[in-house]
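Worksheet: one structure, shown below.
FYI, it's all coordinate maths here, none of it is from the lab. These figures come from a predicted structure and were not determined experimentally. Ideal geometry is used to build each Cβ from the backbone, glycine not excepted, and the neighbour counts take in all protein chains shown.
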Ligand code: ADP
Ligand code: ASP
Ligand code: MG
């Protein structure tokens, strides 16, 4: 008997009617004699709503309490979906992260999964029950609730699929697959039939939130077959698979953008050996993920160092930088929040040259100033002013002819 893990995102469970709709889909699979495990997110913007409540109380809410609060969103959904299935005559049972046995480390708000027990899921399947699992949550060694980072229900689904050796993991969302750019920004964006894990990982970590980046890493490491589909249509969706040669035909597969970045600059830093370590060690210790780093050319034994961090981490980064700045006798700390990162992604960049140059020319012709650049074998990213981001994404999509390329 085949086993499929299906994950439904916030919009797919946003109202009672939508819950009814997905329950009908789940029931159809169960009636077809397939084993099915369902993972659900919180309804619509519930996680944002809970986050706002917490921030009304504190600028930096206690992370242990925040995790408990946020995890309540998914609890609501599992109970409602299980109730709906039972109403339809389908034997279903809800499970929280704790009940499933999603064991994580202690990094509250971005915990890493260390082990999935899943015995209760296996037992439920043996009893022909449909398990409805709360995404996004686990427990640490002390049995405290942890969460897996925004978009973490994708990770729950993929980790369960790996642990249960499922045939595939279907991610149901509000678009019918992975597109060459966010279809909400670029109406000409094209759905990709398939994409490699590596490209999907780059796109996800560079802002395409259709899949969580950590979930893609997990899937690649455990060879989980992912299909991204819409819960509102029967379209075939996008398969995330191993890279193959044909994928290199086009230099660029997608354009992404990320508004969730801020630039922190330490001004007037003594230009001496070891200074970068003294700046970035405390940043790492504070669990802040740094993306791009630029050290300006020094003058009079002084330099400036800029780096980007997720916007949520800005208060923490300022705290850490104020301490570092005093210790190393830098002049001051500056933060710019209205920036965005626009990126081109494609395994074809390994085989095609000149992509970066073309990107810079396109931006220059439009009068868009590039503040920072970073590249890897299969991506190029530029930090620009936030107000230009939509125009830049549309322009790059058009100039690289992503609406025409085929895969
Ligand atoms: P869910 O709540 O189902 O997890 P998300 O909001 O996390 O859904 O992700 C789906 C959204 O991702 C889409 O509504 C779309 O706007 C956005 N998105 C951004 N980039 C892309 C892309 N390249 N392809 C598809 N969707 C994308
Ligand atoms: N509800 C969580 C979030 O909004 C997890 C998820 O939807 O995947 O980030
Ligand atoms: Mg999501």
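According to a simple spin-label model (label point 7 Å from Cα along Cα-to-Cβ), what is the distance in nm between residue 246 and residue 350?
Reported label-point gap for residue 350 and residue 246 is 1.7 nm.
Taking 25 °C and 0.890 mPa s as the conditions, I'd like the Stokes-Einstein D for the stretch 1-118 in µm²/s, using the Kirkwood hydrodynamic radius from alpha carbon pairs.
The estimated diffusion coefficient comes to 158 µm²/s.
Normalise the Cα radius of gyration of the stretch 169-260 by 2.2 N^0.38 Å (N = residues in it) and let me know the number.
Ratio of Cα Rg to 2.2 N^0.38 Å: 1.00.
Once you keep just the Cα pairs under 8 angstrom separated by 6 or more residues, what percentage relative contact order results for the chain?
Once normalised by length, the contact order is 14 percent.
Most fluctuating residue of 83, 302, 188 in a GNM of the chain with Cα springs under 10 Å: which is it?
In this elastic network of the chain, the residue with the biggest mean-square fluctuation among 83, 302, 188 is 302.
Can you tell me the 0 to 90 degree angle between the C-alpha axis of helix 213-222 and the longest principal axis of the chain, rounded to 10?
Approximately 60 degrees, to the nearest ten.
Can you list the equivalent-ellipsoid semi-axes of the stretch 282-385, largest first and in whole Å, using the square root of 5 times each Cα gyration tensor eigenvalue?
Gyration-tensor ellipsoid for the stretch 282-385: 30, 16, 13 Å.
For the stretch 60-116, just say rounded, prolate or oblate: build the C-alpha gyration tensor, square-root its eigenvalues into a ≥ b ≥ c, call rounded for a/c under 1.5, and beyond that prolate if a/b exceeds b/c, oblate if not.
oblate
When the helices in the chain are scored as -39500 (n - 2.57) per DSSP H run of 4 or longer and the sum is shared across all residues, what 222 nm value do you end up with, to the nearest 500 deg cm²/dmol?
After summing the helix terms and dividing by the residues of the chain, the value is -11000 deg cm²/dmol.
Residue 184 versus residue 312, label points 7 Å from Cα toward the beta carbon: distance in nm?
It is 1.7 nm.
Would you order 388, 108, 397 from fewest to most other beta-carbon atoms within 10 Å of each residue's own beta-carbon?
So the ranking, lowest neighbour count to highest, is 388, 108, 397.
Starting from the 7 Å offset along Cα-to-Cβ, what nm value, one decimal, do you get for the label separation of residue 386 and residue 276?
Those two pseudo-labels are separated by 2.9 nm.
Calculate the all-directions average of the projected area of the chain's alpha-carbon convex hull, and give it in nm².
It is 21.1 nm².
For a bin width of 10 Å, list the pair-distance distribution of the stretch 273-320 built from all Cα-Cα distances, rounded to whole %.
Answer for the stretch 273-320: a P(r) of 23, 54, 21, 2 percent.
Just for the Cα atoms in the stretch 134-219, what are the lengths along the principal axes, largest first, rounded to whole Å?
49, 27, 22
Over the stretch 73-224, what portion of Cα pair distances is larger than 27 Å, expressed as a whole percent?
Summing the P(r) of the stretch 73-224 above 27 Å gives 27 percent of all pairs.
Compute the helix-to-body angle for 46-57: its Cα long axis versus the longest principal axis of the chain, expressed 0 to 90° and rounded to tens.
50
Direction-averaged shadow area of the convex hull around the Cα atoms of the stretch 1-62, nm²?
5.3
What span do the alpha-carbon atoms of the stretch 317-371 cover on each of the three principal axes, reported in whole Å from largest to smallest?
Sorted from largest, the Cα extents of the stretch 317-371 read 46, 27, 17 Å.
What relative contact order, as a whole-number percentage, does the stretch 163-226 give when Cα pairs under 8 Å and 6 or more residues apart are counted? Intermediate values should be presented prior to the final figure.
Details: 51 pairs, mean separation 22.0, N = 64.
That works out to 34 percent.
Taking 8 Å as the Cα distance limit and 6 or more residues as the minimum spacing, I'd like the relative contact order of the stretch 172-320 as a percentage.
Reported relative contact order: 23 percent.
Tell me, what does the Kirkwood hydrodynamic radius of the stretch 360-407 come to in angstroms if you use every pair of distinct C-alpha atoms?
Numbers: mean 1/r = 0.0854 Å⁻¹.
One decimal place: 11.7 Å for the Kirkwood radius.
Return the whole-Å distance between the Cα centroid of the stretch 49-111 and the Cα centroid of the stretch 363-400.
So the two Cα centres are separated by 37 Å.
Angle check, please: helix 355-365 long axis (alpha carbons) against the longest principal axis of the chain (alpha carbons), in degrees 0 to 90, nearest 10.
Approximately 70 degrees, to the nearest ten.
Build a GNM of the chain with springs between Cα atoms under 10 Å: which of 161, 54, 42 gets the top mean-square fluctuation?
Fluctuation is largest for 54.
Most mobile of 333, 130, 38 per a Gaussian network model of the chain (Cα springs, under 10 Å)?
In this elastic network of the chain, the residue with the biggest mean-square fluctuation among 333, 130, 38 is 333.
Can you sort 146, 76 by how many other beta carbons sit within 10 Å, fewest first?
On the way: 146 29, 76 15.
Fewest to most other Cβ atoms nearby, the residues stand as 76, 146.
Could you list 309, 39, 336 so that the one with the fewest beta carbons within 10 Å of its beta carbon is first and the one with the most is last?
Listing 309, 39, 336 from fewest to most nearby Cβ atoms yields 336, 309, 39.
Per 0.36 nm of contour for each residue apart, how much would the distance between residue 91 and residue 300 grow if the chain were fully extended, relative to their Cα-Cα spacing?
Contour length minus the Cα-Cα distance gives 67.9 nm.
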